[in-house]
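Accompanying notes for the structure given below.
The values are calculated or read from the model by the stated rules, or taken from the named source; none is laboratory data. In this text the structure is predicted, and so the values were computed from the model without any measurement. Positions of Cβ are generated from backbone atoms using ideal geometry, with glycine treated the same way; all protein chains shown enter the neighbour counts. Calculation scope for accessible area: heavy atoms of the full protein, side chains included, ligands and nucleic acids excluded. Shrake-Rupley method; radii C 1.70, N 1.55, O 1.52, S 1.80 Å.
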Amino acid sequence: MKKFLFLIVIAVISFSAYGQDGLKYQKPPKEIVDIMTVSSTPSTSISPDRQMIALTRSPGMPTIEDMSGEMLRLGGMRIDPATNGSSNPRYSVSLEFMDTKGSEPFEVKGLPSKLKLGSFSWADDSKHFAFVNYTSSSIELWMGDIESRTVKKIDDNLNGLMGSFNWLPDNSLLYRKVDPDRGARPLPSAIPEGPVTQENTGRMGAAPTFQDLIKSPEDENIFDYFTRSVITIWKEGNARQIGEASFYSNVNFSPDGSYILVTEVVKPFSYIVPYYYFPSKVSIWDKNGKPVKTVAELPLKENLPRGDDMTFPDPSGFSWRADKPASLYWVKPLDGGDINVEMEKHDQVYMLEAPFTGEPQEYIATEMRFGGITWGNDDLALLSERSRKERIGRQYFFDPDNPEGTMRLIFELSNDDRYADPGRFMSEDNDYGRRVLMMGNKGRSLYLTGQGASPEGDRPFLDEYSIKDGKIKRLWQSEAPYYESVTDILDKDKGLVLTRRETVDVPGNYFIRNLKKGTLEAITDFKNPYPMLEGVTKEKIEYKRNDGLDLSFDLYLPAGYDKEKDGPLPAILWAYPREFKSARAAAQVSGSPYRFIGVSPSSILVMVTQGYAIMDNAAFPIVGEGDVEPNDSFREQLIANAKAAIDKGAELGVVDPERVGVGGHSYGAFMTANLLAHSRLFAAGVARSGAYNRTLTPFGFQNEDRTYWEAPELYNYMAPWMHADKVKDPILLIHGMADNNSGTFPIQSERYYAALKGHGATVRLVLLPKESHGYSASESLMHMQWETLKWFDKYVKNKK
């Protein structure tokens with residue numbers, strides 16, 4: 001026992017005095033480890049006929065060893081050269097099935113002994129399914145049969161960099177395989193053949209600070225090697241290649257299976273933007289791979305549009321009509337991509353019909369930027385348009401045979417006004433297996449479902465919408481103390497709806513709700529995986545900012561806490577700022593007090609087991625109305641938001657205002673650093689994967705479109721790095737060493753640490769090997785929680 005205590009003392013001394021020395025991965029207390037390692041509830045996939053449910057379960061956190069394989073970072077991708085797929089893909093380790101009547105789950109025979117299930121998809125007939133399986137050296141394609149309850153491998157060596165597979169109407173499968181004739185992998189030479197050069201001849205080429213880019217001709221060769229694939233069709237036991245090997249970023253059969261839409265990425269590759277801005281060729285092939293028509297040849301895009309609603313001048317969004325056998329449509333801006341050009345219509349949708357021998361026809365145009373079409377039947381489709389600048393969206397009904405002459409506005413809404421959101425129109429599979437508007441009441445009605453945001457929190461709903469007159473009838477809405485949402489409508493005539501219902505202490509389970517009879521029948525019984533959190537309380541707390549703006553946070557209090565006996569607690573405030581153009585929208589309540597207390601391994605909620613009050617999801621609106629931009633008063637509004645939250649916690653008698661820590665991830669880390677630089681409200685802070693020097697993101701950041709050269713004062717005003725001399729309270733910086741997020745290079749934390757250290761601040765920098773913008777490995781996540789707890793315990797809970 002004495003030896004154990006001695007080791008603890010040594011560890012604490014090392015932690016506080018020698019933070020720059022080597023440190024092995026540490027674990028937080030058992031209560032936190034137990035939460036982080038629970039087995040999650042299954043994920044679900046419902047068959048097209050709504051009769052079966054596939055259940056898959058994730059393995060939990062990977063190990064750092066799992067994440068330590070070779071990774072190539074090229075063209076905006078992270079490539080695993082061993083499998084020719086994405087590095088560190090997410091997968092499941094189990095596969096079971098049950099019917100929607102609530103039968104006992106059953107397994108299928110023949111599964112791989114070490115299942116690593118990636119993409120899963122039902123066939124249109126609902127009798128077959130397919131999935132990919134990851135091995136150490138290949139990505140396999142498997143197919144299963146529900147009636148026989150068996151699966152079998154049908155191919156391997158899939159190229160997993162650009163999607164996995166697609167079902168065709170005849171139950172055949174379309175996928176991409178590694179080019180079998182590509183030869184040996186190119187290896188970089190130890191001796192350079194010359195310098196790496198880039199040149200610009202006077203053209204503007206502003207781009208965000210992308211990561212994982214091609215940097216040399218050798219990189220180009222390696223990138224080309226791994227992205228090349230051959231298109232393959234499997235049918236009734238036979239696999240055949242169609243077309244030549246190339247870099248195919250998109251391959252999609254027409255609804256009737258007669259044609260293939262193919263997007264091929266071509267050279268020259270770029271050193272400053274990811275692959276999706278490289279030149280490309282959009283073509284239509286027949287089902288045997290014979291080219292039918294070249295639809296578009298798109299140029300390299302290195303000069304990225306800046307500003308709200310600005311876009312490229314080229315056509316985009318090539319898609320098949322879901323309600324026709326083979327009709328292709330896409331959109332092209334009429335204003336050359338410049339929304340400031342005054343004109344009645346800004347985007348034009350074009351249509352090209354099979355057999356594709358004619359020219360594209362103008363189909364429908366939009367006043368704002370085109371937002372998509374949801375197809376219905378021969379008489380009805382839904383058009384969306386949007387304005388990012390105005391933060392509004394519109395939806396129209398129209399007759400697909402006479403689009404311009406029949407457009408009828410049905411909704412115009414502010415993107416920020418959650419309370420007025422009518423929800424989304426539900427969809428279903430048509431005879432082609434494509435999603436179209438779900439119609440009921442003999443084609444006279446549509447169905448709307450949404451979050452149902454309200455001052456009481458989110459209350460999901462199901463509405464019936466009359467196509468003729470636009471009248472809306474509420475069929476059902478979630479009621480306290482449950483959070484229940486619509487998953488699908490099983491039978492429109494009988495009023496049978498599949499819902500997912502949860503409470504604070506019971507995870508989401510599936511139910512069949514009979515709207516006509518008012519009955520509810522459970523079909524799953526997933527247990528609470530967090531018994532260790534029993535007794536933890538959750539409450540939605542509402543309060544006002546000093547300017548009268550309504551705010552809220554979710555308050556979590558430890559199990560067994562008694563305010564009268566225990567008094568105010570040390571607290572942690574966790575938040576992420578959001579910009580708004582109106583105070584009314586900023587004041588709206590988000591979330592629900594009745595949602596299950598689910599805790600991810602990275603969540604700050606684990607600290608509730610260590611005696612902290614947690615103020616999670618704290619509202620941090622940044623408002624700029626009229627001509628005023630939100631960021632013009634960013635710091636002042638941050639401080640006002642923080643002070644209002646602390647004051648409310650203190651008013652409730654559960655938060656000690658002298659012992660409050662603050663933290664956040666990404667833009668929340670940026671928030672944290674600013675609060676510590678410009679206020680003394682917090683005892684300490686934890687900032688994860690943040691950006692602190694805005695001159696390193698000079699062409700804009702978050703929702704700020706002004707460049708550094710247009711608004712240098714704003715960049716200096718908002719950047720914590722510029723104010724490192726003002727930080728007087730301890731700050732812990734954590735960052736993934738392989739961060740792939742635009743703008744949050746690890747150097748952001750490294751340079752901010754150096755600036756803080758140079759001014760004598762109390763600061764600690766923790767860099768997590770192999771980790772991206774979000775952290776994955778169990779060792780990394782546990783060490784992160786260990787660091788966070790140690791920091792808050794020392795500088796918040798035990799503040800002197």
Verdict on SER327 being open to solvent by 20 Å² or more (accessible area, probe 1.4 Å), at pLDDT 95 or above and more than 30 Å from GLU704 (Cα to Cα): no
Which residue pairs have Cβ atoms closer than 8 Å, lie 6 or more positions apart in sequence or on different chains, and pair a first residue in the range 248-260 that is farther than 15 Å from SER172 by Cα with a second residue that is open to solvent by 40 Å² or more (accessible area, probe 1.4 Å) and not in a loop (DSSP other than H, G, I, E, B)? TYR248/GLU264; SER249/GLU264; SER249/TYR275; SER249/TYR276
Just checking, does the range 381-398 include any residue being touching a helix residue (DSSP H, G or I) at 6+ places or on another chain (Cβ under 9 Å), at pLDDT below 95 and not in a strand (DSSP E or B)? yes
Of the residues in the range 290-327, those that are farther than 30 Å from LEU437 by Cβ and not hydrophobic (A, V, I, L, M, F, W, C) number 12
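Every residue, every condition in (1) under 13 Å from TRP234 (Cα atoms); (2) among the aromatic types (Phe, Trp, Tyr); (3) without any contact (Cβ under 8 Å) to a residue 40 or more places away in the chain; (4) not in a strand (DSSP E or B), yes or no:
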| residue | (1), (2), (3), (4) |
| --- | --- |
| ALA130 | yes, no, no, no |
| VAL151 | no, no, no, no |
| ILE154 | yes, no, no, no |
| PRO186 | no, no, yes, yes |
Looking at (1) modelled with pLDDT of 95 or more; (2) surrounded by fewer than 21 Cβ atoms within 10 Å (Cβ to Cβ); (3) not basic (Lys, Arg), which is the only condition THR707 fails? (1)
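Please specify each residue of the range 536-557 satisfying the condition of being charged (D, E, K, R) and either on the phi > 0 side of the Ramachandran plot or open to solvent by 70 Å² or more (accessible area, probe 1.4 Å) (or both). So that I can check it myself, show each step before the final result.
So the first thing to find is which residues in the range 536-557 are charged (D, E, K, R), and the list is 538-540, 542, 544-545, 547, 550, 554.
GLU539, GLU542, LYS544, ASP547, listed by residue number.
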Scan the range 694-730 for residues that are of a type in the set (Gly, Ala, Ser), assigned to a helix (DSSP H, G or I) and closer than 13 Å to PHE634 by Cα and jot them down. none
Got a sec? Which of ALA669, ALA691, ALA761, ALA687 is among the aliphatic types (A, V, I, L, M), part of a loop (DSSP other than H, G, I, E, B) and open to solvent by less than 20 Å² (accessible area, probe 1.4 Å)? ALA691
For residues in the range 29-68 being more than 28 Å from SER780 (Cβ to Cβ) and charged (D, E, K, R), which is most open to solvent (accessible area, probe 1.4 Å)? ASP49
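Looking at the range 157-180, which of its residues are part of a loop (DSSP other than H, G, I, E, B), charged (D, E, K, R) and either touching a Pro at 6+ places or on another chain (Cβ under 6 Å) or at pLDDT 95 or above (or both)? It would help to see each step written out before you state the result.
Going through the range 157-180, the residues part of a loop (DSSP other than H, G, I, E, B) turn out to be 157, 159, 161-164, 168-172, 179-180.
Adding the requirement that they be charged (D, E, K, R) leaves 170, 179.
ASP179, the sole residue that qualifies.
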Of the residues ARG50, ARG73, only one is in contact with a Leu (Cβ under 7 Å, 6 or more places away or on another chain), at pLDDT 60 or above and not β-branched (Val, Ile, Thr); which? ARG50
With respect to the numbered conditions (1) more than 30 Å from ALA691 (Cα to Cα); (2) open to solvent by 20 Å² or more (accessible area, probe 1.4 Å); (3) in contact with a helix residue (DSSP H, G or I) (Cβ under 8 Å, 6 or more places away or on another chain), which one is the sole condition not fulfilled by LEU533? (2)
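Suppose we filter SER40, SER16 for residues that are modelled with pLDDT under 95 and in contact with a helix residue (DSSP H, G or I) (Cβ under 9 Å, 6 or more places away or on another chain); which single one remains? First the steps, then the outcome.
Numbers: SER40 fails: in contact with a helix residue (DSSP H, G or I) (Cβ under 9 Å, 6 or more places away or on another chain).
Only one candidate qualifies: SER16.
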Among the residues listed as ARG764, ARG751, the single one being modelled with pLDDT of 95 or more, in contact with an Asp or Glu (Cβ under 8 Å, 6 or more places away or on another chain) and of a type in the set (Lys, Arg): ARG764
Tell me, please, whether a residue that is at pLDDT 95 or above and in contact with a helix residue (DSSP H, G or I) (Cβ under 8 Å, 6 or more places away or on another chain) can be found in the range 302-317. no
Failed item, numbered, when LEU261 is tested on (1) open to solvent by 70 Å² or more (accessible area, probe 1.4 Å); (2) of a type outside the set (Val, Ile, Thr); (3) closer than 18 Å to TRP167 by Cβ; (4) in contact with a strand residue (DSSP E or B) (Cβ under 7 Å, 6 or more places away or on another chain): (1)
Of all residues in the range 451-464 being open to solvent by 10 Å² or more (accessible area, probe 1.4 Å) and either β-branched (Val, Ile, Thr) or in contact with a strand residue (DSSP E or B) (Cβ under 6 Å, 6 or more places away or on another chain) (or both), the one that is nearest to SER414 (Cα to Cα): GLY452
Criterion violated by LYS290 - all others in (1) surrounded by fewer than 17 Cβ atoms within 10 Å (Cβ to Cβ); (2) touching a residue at least 60 places away in the same chain (Cβ under 8 Å); (3) within 30 Å of PRO325 (Cα to Cα) satisfied: (2)
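Residue-by-condition table, conditions (1) more than 25 Å from ILE523 (Cβ to Cβ); (2) open to solvent by 20 Å² or more (accessible area, probe 1.4 Å):
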{"residue": "PRO105", "(1), (2)": "no, yes"}
{"residue": "VAL108", "(1), (2)": "no, no"}
{"residue": "PRO112", "(1), (2)": "yes, yes"}
{"residue": "LEU115", "(1), (2)": "no, no"}
{"residue": "PHE120", "(1), (2)": "no, yes"}
{"residue": "LYS127", "(1), (2)": "no, yes"}
{"residue": "SER137", "(1), (2)": "yes, yes"}
{"residue": "LEU141", "(1), (2)": "yes, no"}
{"residue": "ILE146", "(1), (2)": "no, yes"}
Select from the range 82-114 the residues that are in a loop (DSSP other than H, G, I, E, B), in contact (Cβ under 8 Å) with a residue 24 or more places away in the chain and within 25 Å of the chain's Cα centre (by Cα) and list them in ascending order. THR83, ASN84, ASN88, PRO89, ARG90, TYR91, VAL93
So ILE364 fits all but one of (1) open to solvent by 20 Å² or more (accessible area, probe 1.4 Å); (2) part of a strand (DSSP E or B); what number is the exception? (1)
Checking SER249 against (1) touching a helix residue (DSSP H, G or I) at 6+ places or on another chain (Cβ under 9 Å); (2) assigned to a helix (DSSP H, G or I); (3) within 20 Å of LEU141 (Cβ to Cβ), which test does it fail? (2)
